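For reference, the structure discussed in these notes is given below.
A short reminder: the numbers here are calculations on the coordinates, not readings from a lab. Source: prediction; values computed, not measured. Glycine gets a Cβ as well: all are built from the backbone with ideal geometry, and neighbour counts include every protein chain shown.
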Amino acid sequence: MAPSSPLRAFLARHRRAAIAVPTALTVLIAGPWAATAALSLPSPLSFIRLSNTPPSQQGTLFPARTVSASTEPAPLPEAPVPLPATVPWKDGRKETRQFLTDTHANAFLVLRDGRLVHEWYRDGVDAQTRHGSWSTAKSVISLMVGQSIAAGHLSEDDLLVDLLPELRKGGAYDRITVRHLLDMTSGIDVSEDYSGIPRTGTPRMYLTTDLPNFVKDNRALRFTPGSKAEYRSVDTQLLGQILHRVEGKSVAALLQERIWQPMGAENDATWNLDREGGTEKSFCCLNATARDFAKIGQLVLDNGRAGDRQIVPQAWIDRLSTPAVTMADGWSYSAQWWHPSGATGDFSAVGVYGQYIYVNPAEKTVIVKLSDHGTEQDEQETIDAMRDISRNLRR
């Protein structure tokens, strides 16, 4: 059945991550097979499968490119340490295990000084389970953009329409730069409102079978590029397509060659596509194990180094770890990484349904939390809990 009125109101407030897919019957009522095909959307049966699949596993329902495990895997050294018994939660404290249960965590990993000090999985999930990234993929795209800039293939001052000339339309849109896309200041009018039927906005972008045409069809602006910050997943999608154009390789191939292989990823990952052989959903849909997501966090914590190799330039780590703009909700943002309220040098990749790659340089700590929680539910509280864990781990 269709979402209830309270749920619709809740969904309408979403602003940050990928998609809350409407229920199957809503879509079936709105448009049968012919209509979904005309809109470059999956069939109604696909919507039924989506509605019956937890967000963490929806990546299994879409075409994908494989990102192969490193030929030189680097297992995380282990040095088990108990977590603090409780964490701050809203107006009090909550038992740490209850915090994980109540926020529907599937995996919770803590690294301190590059060592895996705590690893927890709910029943039915283990270290080999791939989990959807949702918008934490945006932060991975950032790392590859930084690499491309360092290689001289790209500049933050480059115009979007110089890199993707098929998008040129005249007017303010043609003044959008890579920097605008990185910091979510492009002004492109692709709504993050996930209520209702996925005919427009980011829900349509998530489901479309033709991403290049989607971005071409959505070039209207809400505000002048650079005049303010407003979170838009389409900005990251455009960054992914820019990477593909300037590097001549797919986003998945770039990830494998420039990050997955040199950082010693232990498992294959996948990156979902709009259709078989098509375009990566750069804004959302990397599927990987918790340990390999943790390696991404450790790579950032180690200033872009993995072992004796500088994988991501130090200058780019400085860029993403320094707040650039402030969003309407008071959280700061920089180069596709979040600086939550109350930040004191810590920052995080954040994805809908409770996905986090949290980096705390002062405490030399990385925390990965992968979940099937509410869309943006309890995000500030979860960050506060992870900060508390970082500060109170036994040394």
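A few remarks follow.
- Calculated on alpha-carbon atoms, Rg and Dmax of region 206-289 in Å: 14.4, 44
- Aspartates and glutamates with Cα under 15 Å of LYS94, excluding same-chain neighbours fewer than 8 positions away: ASP102, ASP378, GLU381, ASP384, ASP388
- Under 17 Å from the Cα of LYS364 - lysines, other chains or at least 8 residues apart: LYS295
- Farthest positive-ward along the chain dipole, Cα basis, beta-carbon charges - from PRO203, ILE357, GLN314: PRO203
- For region 77-86, backbone phi angles converted through the Karplus equation (6.51, -1.76, 1.60; θ = phi - 60°) give residue-by-residue couplings of x, 10, 8, x, 9, x, 6, x, 5, 9 Hz, Gly and Pro being listed as x.
- The charge dipole of region 222-286, taken about the Cα centre with unit charges on the Cβ atoms of Lys, Arg (+1) and Asp, Glu (-1), comes to about 360 debye, rounded to the nearest 20.
- Pair-distance profile P(r), taking every C-alpha pair of region 293-386, with 10 angstrom steps and integer %: 17, 50, 28, 5, 0
- Global form of region 115-198, assessed from the alpha-carbon gyration tensor, a/c cut-off 1.5: oblate
- Set of aspartates and glutamates near LYS216 by C-alpha distance (under 14 Å), chain-local residues within fewer than 8 positions excluded: GLU166, ASP174, ASP189, ASP235
- Of the residues GLY170, ILE367, MET184, the one whose Cα sits farthest towards the positive end of the charge dipole of the chain is GLY170 (charges of +1 on Lys and Arg Cβ, -1 on Asp and Glu Cβ, taken about the Cα centre).
- Relative pair counts by distance (%), Cα atoms of the chain, 10 Å bins: 5, 25, 35, 26, 9, 1, 0
- Size of electric dipole in the chain: Cβ of Lys, Arg +1 and of Asp, Glu -1, about Cα centre, debye, nearest 20: 320
- Evaluated with a Cβ-only charge set (Lys, Arg +1; Asp, Glu -1), region 167-262 carries a dipole of roughly 260 debye about its Cα centre, given to the nearest 20.
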